[in-house]
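A.B. asks: Below you'll find the structure I mean.
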Amino acid sequence: MTRKLALLGSAACLVLSAGSASADDLPLRKAGLWEMKLVTTGSPVPEMTMQHCTDETVDKEMSNNVSPMAKQICAKQEIKKTATGYVSDSECNVAGVSTTSHAEISGDFNSASYTVKTSSHAQGGVAGTAGRDSTMTLEAKWLGACKPDQKPGDIVMPGGFKMNVRDVDKLKALLPK
């Protein structure tokens with residue numbers, strides 16, 4: 001479960017806060033329920049699908065909360081607008097693991113779908129991490145209005161585990177040190 005939350009955190013950082021490092025900010029997502037399918041290689045969790053109920057306020061809060069953390073752990077975090085979307089490059093260090101990442105973001109955050117394709121290289125840390133390459137594709141699809149029992153910020157993980165991104169302190173406690 002911690003690995004899944006770390007992947008979610010990585011995706012959230014990339015999708016929502018990468019723009020804080022430059023003038024080319026990512027747009028906010030359309031309010032409602034988004035299905036986010038994460039497919040990875042080089043990871044013990046090859047695929048997972050989650051749902052995220054969001055609105056403009058939550059997306060702004062996530063960016064504002066994640067940006068200071070990203071600035072503390074990332075020596076480089078750039079995002080640039082391209083003809084087809086955005087490109088992001090970062091260099092971060094968490095728990096002794098240095099990771100360089102490159103992401104290409106395409107689609108429309110205010111319509112039906114967007115995609116984030118990331119490749120990364122990790123070095124250092126615990127045995128088995130040194131020199132590991134991985135790829136991650138996040139496919140996000142807007143499903144419509146949030147369900148009646150959901151409030152903005154709610155994320156439903158595989159197996160029905162539900163959390164709210166506004167509980168940032170709880171999420172931070174679950175991430176590896």
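The values are calculated or read from the model by the stated rules, or taken from the named source; none is laboratory data. Since the structure is predicted, the reported quantities are computational estimates derived from the model, not experimental observations. Neighbour counts are summed over all protein chains in view; Cβ atoms, including those assigned to glycine, are modelled from backbone coordinates with ideal geometry. Note: accessible area is taken over every heavy atom of the protein model, side chains too, but ligands, DNA and RNA are not part of it. Shrake-Rupley method; radii C 1.70, N 1.55, O 1.52, S 1.80 Å.
A.B. asks: Want the number for ASN110 to VAL97: 0.36 nm per residue separation, take away the alpha-carbon distance, what's left? Walk me through the numbers before you get to the answer.
C.D. replies: Values: separation 13, 0.36 × 13 = 4.68 nm, distance 3.46 nm.
Full extension from ASN110 to VAL97 adds 1.2 nm.
A.B. asks: Determine how large the accessible area of ASP25 is when every protein chain is in place; take a 1.4 Å probe and give Å² rounded to the nearest 10.
C.D. replies: ASP25 has an accessible surface of roughly 100 Å² with all protein chains in place.
A.B. asks: Which entries of LYS37/LYS147; LYS60/LYS81; LYS80/LYS151; LYS30/LYS60 show an alpha-carbon separation above 21 angstrom in the structure shown? Provide the component values of the computation, followed by the final result.
C.D. replies: On the way: LYS37/LYS147 18 Å; LYS60/LYS81 19 Å; LYS80/LYS151 32 Å; LYS30/LYS60 12 Å.
Those over the limit are LYS80/LYS151.
A.B. asks: Around VAL94, which amide H atoms from residues at least 5 apart in sequence, or from another chain, sit under 5 Å from its own amide H, with H modelled in the peptide plane?
C.D. replies: Here the answer is THR99, since their amide H atoms fall under 5 Å of that of VAL94.
A.B. asks: On to the next question. Could you sort the peptides 98-111, 50-63 by per-residue average Cβ neighbour count (10 Å cutoff), highest mean leading? Don't skip to the end; give the middle numbers.
C.D. replies: Working: 98-111: 16.6, 50-63: 19.6.
For the peptides 98-111, 50-63, the packing ranking is 50-63, 98-111.
A.B. asks: Cross-link candidates for LYS162: which aspartates and glutamates have Cα within less than 13 Å, leaving aside residues fewer than 8 places away along the same chain?
C.D. replies: ASP149, ASP154
A.B. asks: Still on this model: Determine ³J(HN,Hα), in whole Hz, for all residues of region 147-161 in sequence, where each value follows from phi through the Karplus function 6.51 cos²θ - 1.76 cosθ + 1.60 and θ = phi - 60°; x replaces Gly and Pro.
C.D. replies: Values, residue by residue: 5, x, 8, 10, 10, x, x, 5, 10, 10, 8, x, x, x, 4 Hz.
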